[in-house]
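The values are calculated or read from the model by the stated rules, or taken from the named source; none is laboratory data. Just so it is clear, the structure is predicted and the values come from calculations on it, not from any experiment. FYI the Cβ positions are ideal-geometry reconstructions off the backbone, even for glycines, and counts take in every protein chain you see. Heads up: the accessible areas ignore ligands, DNA and RNA and are worked out on the full protein's heavy atoms, side chains in. Shrake-Rupley method; radii C 1.70, N 1.55, O 1.52, S 1.80 Å.
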Amino acid sequence: MATTSKLKTETRLPHIHFNWNEWVSDHITRSWLLALWLLLLTVITVRFTLSRLEMTPATTIVVLVVWAVSVAITVYAEMIHRHTAVTLWLRNNLYSSITNVQLTLILALAILAIIFGLFNYAVTTASFLTVPATDLRAEAVSSIGDNFCFRIGAQDAESGGVVNGEPTCFPRWAFVPELSETNIIETPLGVTAAAFCFDTLRDDAENGRTCFTSTAENPALYAVSIQFSGANWGAVWANLTNMMVFRYNRAELWRVWLSAAFGLLLALASFVVYRDGFQNKHIRRGLTYVWLASPVIFYVLLAGVRPVTINEFFAQAIPLVGIIVIAALLWWANRHLNRRYPPGIGESEWVRLGRILLTLAAGILAFLAFFSAIELIFLFFGLFKTGEKPLFVPVNPDVDWGGFMLTLIITAFAIVVSFPLGVLLALGRRSTIRGIPNWITYPVAFAIMIWGLLNSTPELRATARNNFELLLAYWPLALPLIAYVFQRVWKGNVVAGFCTLYIEFIRGIPLITVLFLSIILFPIFLPPGMEFLKTWRVMWAFAFFSAAYLAENVRGGLQAIPRGQYEAADSLGLGTFSKYRLIILPQALRAVIPAITGQYIGLFKDTTLVAIVGLLDILGVANSIASQPQWLGVRREAYLFIALLYFVVSAIIVSYSERLERQTGLGER
């Protein structure tokens, strides 16, 4: 008896805790504003749901069933106070109130409407023909059985037939007699002139209709009219090569493909080699050297090199090799002497001066050796030939570079160059080195002021055309004020003053201004006869502009480092270079990875501004598609393709940034 009672107790349904009056008072009639809002929202929800039922009944019914079941399950779990993980998540995130319940339904239906609308526009009702509609021609392939098949494509100018056409078949039921002048069911195709239409989507008045018209001169060749309301992807596909590389020599496209394969191979190798579990240090070091040499390799592949003969190669390579060898020997000697005879506290000033001069000479020669090695690589690739023709033919970047290739080149160059420049600017702005003392700054400022008043001011006054130019003639009078500000703000620190002025000046002007300065003003300062290509000027403008913003990001990371880290590095006896390389910068850069990633994504998208200064990136090429006679007015599809391309590249950058954050433990330790 006791067992039976126990079983009844265990199988008893859960007790439902619900007070209808209290629930209505708390969630509906608590205030008249809440009741009015819920009434308005209910009307909107019902009307929107009914409109979706008319347009897409099947999808809307499925959504309504899922929504109603999930709401019922969540309400029941709340009433018995027993939630599963799913119902608890639904209650906290989607169904926490009556408003959220209705908004969830509206958003679900709206999102599905957007997805299906985009899919219909981009796929279902779209055209993928690379031949303009006015140039489409068709030939009958067969009319046997229940299908009428045609080969649709462009007309060959020589033979008059259809070339590169793909067979397209229409079912017999799609034939529309009321729109046709010829009954193709009774009349053989290709024998006499005919005009007929097919409609595969009878319920859609704007899509699915294809009409064929032939003439008595050539009854076997039909003009084609295809009715569609979706995207015209044929314009994008027909101009895809132009959008990628623009005017790059089509015979040299293998170099672009080789560059893309080389970059992809480097990326895949880096994904494996730079993982924490990879133990082979020699392979990792070798891959790092390949990355360092990759800009030169990409330049050789995409820009080409000047061809040289074997005699020219040795005549130019021997001095370059000599510089590299001397630089290596001097660097080794400097390192060996510093290791064997480390700097001591009691060494004389002459010995210290000798160390400084030796280090300075080694650094200068290393700088020269770096560019000598690059020139040596160019000479080496200049030897390669295919017969009598150079393998890597030089191209003019201002003419041959364009499209998405130009976008990637500018972005990669700006990132590679701006990163070290930005780090140096950030360190320079925080520099605390001993500045120029007052007793030097003020006498020099007054001396220059007197020289300017005696030599420059009279000439400028004589040529002044207005009061503003007359005022500028007395520029030397501002020098004492500048010297005072220099000493007051930066205490004579030239490095901190220069870096601060550079960063604030660049950040105070828009990027388009920097681009115009590089195009218009920069050539004025070049020596006569010297030419600097527009592409190089734009690339350096992007790099210098990005460096200023990157410097502030890095400076924020440096300021986030506790003072104890600096003191710990000093206590270990590390020098300034080793302290920042091993202790400070790794922590500072790790802290600003998200900020740097956001800046580089913005830089990647800002490359579209090059179209304003005469370079055609992918956006410029897309704008030119709409002016082509065969694709007049086709703009939307090209812009959608570019948006998708930018989204994919930005997503790749973000995913790599997240991977880097996980590897460095950002936010975890």
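Using 1/(1 + (r/R0)^6) with R0 = 41 angstrom and r between the beta carbons of Lys605 and Arg355, what's the FRET efficiency to the nearest 0.05? The partial results should precede the final answer.
Details: r = 48 Å, r/R0 = 1.18.
Working from the Cβ atoms, E equals 0.25.
Per 10 Å bin, what is the whole-percent P(r) computed from every C-alpha pair distance within segment 164-265?
12, 30, 21, 15, 16, 6, 0
In a solvent-free Debye calculation with one equal scatterer on each Cα, what is log10 I(q)/I(0) for segment 554-669 at q = 0.10 Å⁻¹, listed in the order of the q values?
-0.52
With an 8 Å cut-off on Cα pairs and a minimum separation of 6 or more residues, tell me the relative contact order of segment 118-235 in percent. Each step should come with its number before you reach the end.
On the way: 253 pairs, mean separation 36.8, N = 118.
Reported as a whole number, the value is 31 percent.
Using modelled amide H (1.01 Å from N, peptide plane; none on Pro or chain starts), what sits under 5 Å from the amide H of Asp617, excluding residues fewer than 5 places away?
Amide H to amide H, under 5 Å and 5 or more residues apart or across chains, Asp617 pairs with Gly403, Ala611.
Measure off, as a whole percent, the carbon and sulfur share of the 1.4 Å-probe accessible area of segment 444-584, all protein chains present.
68
Long-range amide H contacts for Phe175: which residues qualify at under 5 Å (H placed 1.01 Å from N, peptide plane, sequence gap of 5 or more or a different chain)?
Asp199
Tell me, what is the per residue accessible area of segment 99-187 in Å², probe radius 1.4 Å?
Per residue, segment 99-187 has an accessible area of 58 Å².
Restricting to the chain, what percent of DSSP beta bridges are antiparallel, rounded to 5? Please report the intermediate quantities before stating the final value.
Numbers: 29 of 31 bridges.
Of all bridge pairs located within the chain, approximately 95 percent are antiparallel.
Between Ile310 and Val648, 0.36 nm times their residue separation minus their Cα-Cα distance comes to what? The partial results should precede the final answer.
Numbers: separation 338, 0.36 × 338 = 121.68 nm, distance 4.53 nm.
Contour length minus the Cα-Cα distance gives 117.1 nm.
What length, rounded to one decimal in nm, is gained on full extension from Asn19 through to Thr134, with 0.36 nm per residue of separation minus their alpha-carbon distance?
34.3 nm
Which value, in Å², gives the accessible area per residue of segment 623-669 when a 1.4 Å probe is used on the protein heavy atoms?
For segment 623-669, the per-residue accessible area is 64 Å².
Within segment 370-426, what whole-number % of the accessible surface is contributed by carbon and sulfur, with the 1.4 Å probe and all protein chains included in the calculation? Before the final figure, lay out the partial values.
Working: 2030 of 2580 Å².
Answer for segment 370-426 is 78 percent, counting heavy atoms of protein chains only.
Once R0 is set to 51 Å, what does the formula 1/(1 + (r/R0)^6) return for the Cβ-Cβ distance between Ala251 and Thr45, expressed as a FRET efficiency to the nearest 0.05?
With R0 = 51 Å, the Cβ-Cβ based efficiency is 0.25.
Where in segment 112-142 does the amide nitrogen come within less than 15 Å of the point 7 Å from the Cα of Val66, taken along Cα to Cβ?
112-116
222 nm [θ] for the chain, helices only, -39500 (n - 2.57) per DSSP H run of 4+, per residue, to 500?
On the way: 27 runs with 407 residues, N = 669.
About -20000 deg cm²/dmol.
Tell me the GluC sites (Glu not before Pro) within segment 195-272 that lie in a loop according to DSSP and have at most 14 other beta-carbon atoms within 10 Å.
Passing both the DSSP loop test and the Cβ count: Glu206, Glu217.
Non-local amide H neighbours of Gly492 (under 5 Å, H modeled in plane, Pro and chain starts lacking H): which ones?
For Gly492, whose amide H was placed from the backbone, the distant partners under 5 Å are Gln487.
I'd like to check one number: the per residue accessible area of segment 264-336, probe 1.4 Å, reported in Å² as a whole number.
Per-residue accessible area for segment 264-336 comes out at 68 Å².
Per the Debye formula with a single identical scatterer at each Cα and no solvent contribution, what log10 I(q)/I(0) holds for the chain at q = 0.08, 0.09, 0.10, 0.11 Å⁻¹?
Each listed q maps to, in turn, -1.00, -1.13, -1.24, -1.34.
Check the chain for me: any Cys whose beta-carbon has no other cysteine beta-carbon within less than 4.7 Å?
Lacking a cysteine Cβ partner under 4.7 Å: Cys499.
Work out how much length Tyr656 to Leu368 would gain on full extension: take 0.36 nm times their residue separation and subtract the Cα-Cα distance, in nm to one decimal.
Result: 100.2 nm gained on full extension.
In segment 410-517, which trypsin sites (Lys or Arg not before Pro) are in a loop and have at most 12 other Cβ atoms within 10 Å, using DSSP for the loop call?
When the trypsin sites (Lys or Arg not before Pro) of segment 410-517 are filtered for loop state and at most 12 Cβ neighbours within 10 Å, Arg434, Arg465 remain.
So, how do all the Cα-to-Cα distances of segment 339-455 break down into 10 Å bins, in percent, from 0 on up?
Taking every Cα pair in segment 339-455, the percentages come to 9, 14, 25, 22, 17, 11, 2.
Rounded to the nearest 0.05, what FRET efficiency do Leu632 and Leu287 give with R0 = 35 Å and r taken as the Cβ-Cβ distance? Could you check?
So the FRET efficiency works out to roughly 0.10.
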